[in-house]
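Since every read-out is calculated from the coordinates, none of them should be taken as a lab result. A quick note: this is a predicted structure, and the numbers were derived from the prediction, not measured. Cβ sites come from the backbone with ideal geometry, for glycine too, and all protein chains shown count toward neighbours.
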Amino acid sequence: MPEVRRGSNLNVQSDTILSERPGEPNDLPSPTRPLQQSQTQSADRVPVVKGQQEQDGQQPQQPRRPSLGHPSASLRIHRSNGSNGEASSPGNALDRAESAPTGRRRSSIFPPIIPADPAPRHSVSYAQRPEANAYYDSRAGTRKEWKRRARTLEEYYEDNPDLLPQLPFSWRHGNRRWRLWVFAFLVFVDASAVPIALYYGMKYAGHVEEWIIFAVVTTIWGGPTYLEFGIRTLRLIKKEHFYRPLGTTSRWCADSLTWTSSLAIFVLTALFIIGSAPHDTWLRVVAMAAPSILWTLGGALLAITLMHRYKIRAPFRISSTAKGEEVLPGVYYFIEDTLAVNARCGRPYREALAARYRASPRFREMLYEQSLFWSIPALILALILTVIAVIPWVPENWSYGVCWVAPFVWAFIWGCITIRWCKARMVRERLEWEAGEVSSKTLGSGSTVSPSPV
């Protein structure tokens, strides 16, 4: 059975073995794998010709009816209502499946849902599958392949403008995703759960003085964060430039996430030391440590996005954007640096991301929207938490707990919204690309187009 992708505009074609009538020759060559063919041509797939078994004295076999809940029920052979005993083609079965009510309404940005998935690939031998052009899928880009390849992914997709560049990372499979999930969990436990649990537990359960509490908190705080920061820095300064930004081979060229993280860590550590150094702890100063993360990351993200919006050239190198080039949305650099270094995707991911950004207008629009969606609310929340930490009407112990919990709760909610948002956008992007509705699929190797404001 030819593979039918969900949301595809291609018409379903029935297999030759299913649509061939008795007495008509078959133009396809003989199968190259007879063993596989004999195994896959089962009784529920080969049509029974009426009269042929009657001559042998056998009862005519009816095709097996799949259960209604079987995932491939709509694509298997059904008995015809006519008297000629011919089996209906899979295309008619798919038409009936698409016309049937799904029981669930979905937005138009999602691919159409049918109550049955296509038949598995192993149901048809290789000799009976239609020919398709072979192309390189950049999702297979690895470090081993990067060492032996002849050209970059950007060059490959420039030579093949009809292909939508694929990113060599997935949240659905692979070990790379678990590195990010485990790191995010450890950061939450270390930066939010531990300071709150130690402060309220030792103060109200153990009646320990605050300067002793924060001496302990300052000692153990930031372990996973500092360790990950050191590891990613070592990866960037290795002799092999697998993790470095595009356009440079210098061992001392850090990416934008390194500089932003350095600023955030410096400000947070300074507030921790200043607030916990006196014998009478300045709890409001310590409470400002968590909002300072929002100020630094959100401020840097908004500044880069505004430079992109008003077409200000880069005053210095920003990750893969050299000095004097057009600045891209801020989320672009955060995604590029996090997945290329922290998730160990390396330069293949940077190249595929650059090719995808140049090729897809919908992708550029999505990154611009996400830059505003993360930067502006982060600064608004930082301002609210700063007011809560400073004003004397809010008790110190209350302001400390709110300021250390709110940023991580907000980041979790915003992350869930972003996942849903980006999935919808990328499905729409794929459908428009397959339908040929993209006005200009490629922008050339030396130019980028800013998305229009939303």
Checklist entry - Which whole-number percent gives the relative contact order of region 180-272, counting Cα pairs below 8 Å spaced six or more residues apart? => result 21 percent
Next on the checklist: Ranking request for peptides 235-244, 412-421: highest mean number of other beta-carbon atoms within 10 Å first, then the rest in descending order.
Outcome noted: 235-244, 412-421
Checklist entry - Expressed in nm to one decimal, what extension gain is obtained for the pair L379 and C422 from 0.36 nm per residue of sequence separation less their Cα-Cα distance? => result 13.3 nm
Checklist entry - What's the extension gain from V409 to A277 if we count 0.36 nm per residue and subtract their Cα-Cα distance? => result 44.7 nm
Next on the checklist: Rounded to the nearest 20 debye, what is the charge dipole size of region 208-260 about its Cα centre when +1 sits on each Lys and Arg Cβ and -1 on each Asp and Glu Cβ?
Outcome noted: 540 debye
Checklist entry - When only C-alpha pairs under 8 Å and at least 6 residues apart count, what is the relative contact order of region 153-435, in percent? => result 23 percent
Next on the checklist: For a test of the definition: using alpha carbon positions, the gyration tensor, and the 1.5 limit on a/c, classify region 153-435 as rounded, prolate or oblate.
Outcome noted: prolate
Checklist entry - Shape of region 292-370 from its Cα gyration tensor (a ≥ b ≥ c, root eigenvalues): rounded if a/c is under 1.5, otherwise prolate when a/b > b/c, or oblate? => result rounded
Checklist entry - Going highest first, how would you order 317-327, 163-173, 332-342 by mean Cβ packing within 10 Å? => result 332-342, 317-327, 163-173
Checklist entry - Which whole-angstrom value gives the distance between the alpha carbon centres of region 385-438 and region 208-257? => result 24 Å
